[in-house]
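The values are calculated or read from the model by the stated rules, or taken from the named source; none is laboratory data. Just so it is clear, the model here is predicted, and its values are computed rather than measured. For neighbour counting, all protein chains shown are included, and Cβ atoms are generated from backbone atoms with ideal geometry for every residue, glycine included. Just the protein is used for accessible areas: all its heavy atoms, side chains included, with ligands, DNA and RNA removed. Shrake-Rupley method; radii C 1.70, N 1.55, O 1.52, S 1.80 Å.
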Amino acid sequence: METKDLLKKVRKIEIKTRRLSDHIFSGEYHTSFKGRGMTFSEVRQYQFGDDVRAIDWNVTARYNEPYIKVFEEERELTMMLMVDISGSESFGTKNQLKSEIVTEIAATMAFSATQNNDKIGLILFSDEIELYIPPKKGKSHVLRIIRELIEFQPKSRRTNLSQALKFLSNVMKKKAIVFLISDFMVEDQYEQTLKIAGKKHDITGIRVYDIREEKMPNIGMVNMVDAETGETQLINTGSKSIRFEYEKHYHQQVDYFKDTFSRCGSGVVNTRVDESYVTKLLSYFKSR
């Protein structure tokens, strides 16, 4: 992609997603995720109804009247965006690819974190770690993340969620707010690695999908290409049994995603490319 075209695309995404994060998500994000702990702020005179366990006995003795310690929640957080850039993300039938919606969601979350003065990091993965950008603050850092989301070309087209989650556990030693954005059309069993990562981090899986993936249309003999292996196969879509097996496999993967994240105590958001991801994310934040 030419530098001029890339900058134009980055600017377009920045304008759209920054408006969303400034006016819609920043407050919801701020209240949905808790800080790492409590930090001492000041002492003040005891008032009726205050918790006696907060009394500062040294200050109380010095002034001969009760004073209490006041604590504030540490608001600074670290957000880690984990984005699936495998071959299946290049699918789309409603004039928009899954990968384009994934980029918009990631950019919106990044700007929301910036509003809260949080650090943002990025992991782009296929069946290997394609790119890791360590967490950092600032608008220029967020714009770099958006540029990578738009133009990065993966070495592999396959997917391995377990590998990505293992990498997260290895590089992030402190608690992070993690948004794992994918279509979750994967063959690997990732429950164990999600369970381990979920003990340390606050993880939300955001599944982005296309309506045409749910059912195979009956349109006769069709050459179909596997987006992740590149293999082409002639499929008789007129066969009821083939359509049934396709739908069965699809729903097994979706159910595995929902059940696994639920069992591991992680959040779940499902959004279709032709739906409003804004509505879905706001609803999720409010339910926390």
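What the table shows:
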quantity: Sum of -39500 (n - 2.57) over DSSP H runs of 4+, divided by residues of the chain (222 nm, nearest 500); calculated: -13000 deg cm²/dmol
quantity: Most mobile of 60, 204, 159 in a GNM of the chain (Cα contacts under 10 Å); calculated: 60
quantity: Cα gyration tensor category, rounded, prolate or oblate, for the range 204-288 with a/c compared to 1.5; calculated: prolate
quantity: Mean separation of Cα contacts under 8 Å, 6 or more apart, over the residue count of the range 112-155: relative contact order %; calculated: 33
quantity: Normalised contact order of the chain, rounded percent, pairs of Cα under 8 Å and 6 or more residues apart; calculated: 18
quantity: Angle between the chain longest axis and helix 161-171 axis [Cα atoms, degrees, rounded to 10]; calculated: 30
quantity: Spin-label pair residue 57/residue 5, simplified geometry with 7 Å Cα→Cβ offset, distance in nm; calculated: 7.2
quantity: Å² of accessible area per residue within the chain, as computed with a 1.4 Å probe and no ligands counted; calculated: 54
quantity: Pairs beyond 27 Å (Cα-Cα), from 98/199; 136/166; 98/139; 12/136; calculated: 98/199
quantity: Highest-MSF residue in the chain out of 157, 62, 263 [GNM, Cα springs under 10 Å]; calculated: 62
quantity: Most fluctuating residue given options 118, 274, 51, as computed from a GNM of the chain linking Cα atoms under 10 Å; calculated: 51
quantity: Surface share of carbon and sulfur [accessible, 1.4 angstrom probe, percent] for the chain; calculated: 49
quantity: All aspartates and glutamates inside 13 Å of residue 155 as judged from Cα atoms, apart from same-chain residues fewer than 8 positions distant; calculated: 84, 127, 128, 130, 228
